[in-house]
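Working notes for the structure below.
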Amino acid sequence: QVQLVESGGGLVQPGGSLRLTCTASGRIAGGYVMGWFRQAPGKEREFVAAIRWSYGAAYYADSMKGRLTISRDNAKNTVYLQMNILRPEDTAVYHCAADRSGYSDSPSDYEYWGQGTQVTVSS
């Protein structure tokens with residue numbers, strides 16, 4: 001069993017930045033991929049970014065590429081998502097997730113999920 005807890009969300013003006021944190025308990029190792037997804041009310045979950053736990057290869061959604069940096073600290077069992085130049089359309093609940101089957105951008109492939117942290121981008 002893997003438990004994930006997100007933090008770092010909040011209210012930010014357009015053009016601002018936030019760093020989200022996901023802390024995991026349980027075994028995160030080997031072929032695990034840690035992903036970030038977002039979900040606005042009434043919409044499906046959307047892939048944001050992912051990182052391979054073992055060696056740090058990163059993947060980003062085309063819609064946010066260039067505005068994101070995903071990273072992890074293996075010793076702290078923690079993954080970070082740095083988001084820059086935020087836009088109102090980035091407003092959503094951001095979830096971290098874990099998948100031990102390999103890289104995927106599909107929410108259905110991730111078996112462990114955090115409760116989410118709210119990000120609101122507004123003037």
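The values are calculated or read from the model by the stated rules, or taken from the named source; none is laboratory data. What you see is a predicted model, and the numbers here were worked out from it, not measured in a lab. Note that each Cβ is placed from the backbone with ideal geometry, even for glycine, and that neighbours are counted across all protein chains shown. Heavy atoms of the whole protein, side chains included, go into the accessibility calculation; ligands, DNA and RNA do not. Shrake-Rupley method; radii C 1.70, N 1.55, O 1.52, S 1.80 Å.
Being in contact with a Leu (Cβ under 7 Å, 6 or more places away or on another chain), assigned to a strand (DSSP E or B) and at pLDDT 95 or above is a description that applies to V119. Only one of the listed residues (G42, G56, G15) is in contact with a strand residue (DSSP E or B) (Cβ under 7 Å, 6 or more places away or on another chain), exposed (fewer than 12 other Cβ atoms within 10 Å of the Cβ), of a type outside the set (D, E) and assigned to a loop (DSSP other than H, G, I, E, B). That residue is G56. Of all the residues in the range 69-83, those that are open to solvent by 50 Å² or more (accessible area, probe 1.4 Å) and more than 14 Å from I28 (Cβ to Cβ) number 2. Scanning the range 111-123 for residues that are over 16 Å from K43 (Cβ atoms) and in contact with a helix residue (DSSP H, G or I) (Cβ under 9 Å, 6 or more places away or on another chain), we see that the one that is most open to solvent (accessible area, probe 1.4 Å) is S123. When I70, I28, I51 are checked against the criterion of being in a loop (DSSP other than H, G, I, E, B), among the β-branched types (V, I, T) and at negative phi, I28 stands alone in meeting it.
Within the range 91-110, restricting attention to residues that are of a type outside the set (V, I, T) and part of a strand (DSSP E or B), which residue is surrounded by the most Cβ atoms within 10 Å (Cβ to Cβ)? Filtering first and then ranking leaves C96. Could you tell me which numbered condition I85 fails, if it satisfies all but one of (1) of a type in the set (V, I, T); (2) in contact with a Ser or Thr (Cβ under 8 Å, 6 or more places away or on another chain); (3) not in a loop (DSSP other than H, G, I, E, B)? Only one criterion in (1) of a type in the set (V, I, T); (2) in contact with a Ser or Thr (Cβ under 8 Å, 6 or more places away or on another chain); (3) not in a loop (DSSP other than H, G, I, E, B) is unmet by I85, namely (3).
The condition of being of a type in the set (G, A, S), out of contact with any Cys (no Cβ under 6 Å at 6 or more places or on another chain) and on the phi > 0 side of the Ramachandran plot holds for only one of G16, G10, that being G10. In this structure, D62 does not satisfy being modelled with pLDDT under 95 and in contact with a Phe, Trp or Tyr (Cβ under 6 Å, 6 or more places away or on another chain).
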